[in-house]
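Chemist: Questions regarding the structure given below will be posed in turn.
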Amino acid sequence: MIKPISAVTLFSLAALSLNTQADVEPGVYLGLDLSTSLTGTAKAEAKDNGSTSEAEADVDASSVGVYLGYRFASNNRFQISRTSIDVELENNDEVTFSGTDFDWHFVYGDEQVQPYWGLGFGFYTYEDTAFISRDNEDLTGVSFQLRGGIKIDVHEHVELDMSYRAKSIVWQTIEISDGYNDAKVDLRHSFGSLNFGVAIKF
């Protein structure tokens, strides 16, 4: 999981963003986002009868998402995204995560090219995993993400977004029992991805 950011760091970053506020026309925007991972890992920690074991594997991922956001007069944004992530495991099997993200973007300036950073969280479903759940439901998880990049105004109503995003999804604990032994497995996926988005501003 991405290590928690200290309150001091968050306060400092927020304060810095307030010092670089722009003056733009507020409004709604709608966009499409594509990403491909540069790094990806899957980590599992199993606890069984007092013993603990860990396993880690490299994974590749790509995602597509649609997002709806609001641009404040400061040019900072609040954005809601619906995303599907396709993950290729080391054995070439593919799995899918789907979820909803809530992100804040802190944008600097109002020129054609605008650097920004962002942070957020989300709620995800690990598709087709009901068979390993005692409740016979797909696993659910919480995501945390940080990003940095640039927004480019190519037209009064069209904006491009290029960024690097670090994202981690922590899944609910999996409980396994064979009638004799009970085990608990904690699973986490982490990605470092390049993102490209295009938005229509209203």
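The values are calculated or read from the model by the stated rules, or taken from the named source; none is laboratory data. Here the structure is a predicted model, which is why all the values come from computation and not from measurement. All Cβ positions, glycine included, derive from the backbone under ideal geometry; neighbour counts span all protein chains shown. Note: accessible area is taken over every heavy atom of the protein model, side chains too, but ligands, DNA and RNA are not part of it. Shrake-Rupley method; radii C 1.70, N 1.55, O 1.52, S 1.80 Å.
Chemist: Could you list, in sequence order, all residues of the range 74-92 that are basic (Lys, Arg) and either at pLDDT below 95 or open to solvent by less than 10 Å² (accessible area, probe 1.4 Å) (or both)?
Modeler: Arg77
Chemist: Pick out the one residue from Val107, Val95 that is touching a residue at least 24 places away in the same chain (Cβ under 8 Å), open to solvent by less than 40 Å² (accessible area, probe 1.4 Å), within 20 Å of Val59 (Cα to Cα) and over 15 Å from the mean Cα position of the chain (by Cα).
Modeler: Just one listed residue meets the conditions, Val95.
Chemist: Being surrounded by fewer than 13 Cβ atoms within 10 Å (Cβ to Cβ) and among the small types (Gly, Ala, Ser) is the filter; apply it to the range 167-202 and report the residue that is modelled with the lowest pLDDT.
Modeler: In this case the residue turns out to be Gly179.
Chemist: OK, next. If you scan the range 64-87, which residues turn out to be of a type in the set (D, E, K, R) and either in contact (Cβ under 8 Å) with a residue 24 or more places away in the chain or within 13 Å of Ser35 (Cα to Cα) (or both)? It would help to see each step written out before you state the result.
Modeler: Within the range 64-87, the first condition is being of a type in the set (D, E, K, R), and the residues that meet it are 71, 77, 82, 86.
Of everything in the range 64-87, those that are of a type in the set (D, E, K, R) and either in contact (Cβ under 8 Å) with a residue 24 or more places away in the chain or within 13 Å of Ser35 (Cα to Cα) (or both) turn out to be Arg71, Arg77, Asp86.
Chemist: Can you go through Asp182, Asp135 and tell me which one is over 19 Å from the mean Cα position of the chain (by Cα), over 24 Å from Glu54 (Cβ atoms) and not aliphatic (A, V, I, L, M)?
Modeler: Exactly one residue qualifies, and that residue is Asp135.
Chemist: Please specify each residue of the range 52-73 satisfying the condition of being touching a Ser or Thr at 6+ places or on another chain (Cβ under 8 Å), open to solvent by less than 70 Å² (accessible area, probe 1.4 Å) and of a type outside the set (A, V, I, L, M).
Modeler: Ser62, Ser63, Gly65, Tyr67
Chemist: A further question follows. Report whether or not Phe202 is touching a residue at least 24 places away in the same chain (Cβ under 8 Å), of a type in the set (A, V, I, L, M, F, W, C), touching a helix residue (DSSP H, G or I) at 6+ places or on another chain (Cβ under 7 Å) and over 24 Å from Ala61 (Cα atoms).
Modeler: So Phe202 does not fit the description; no.
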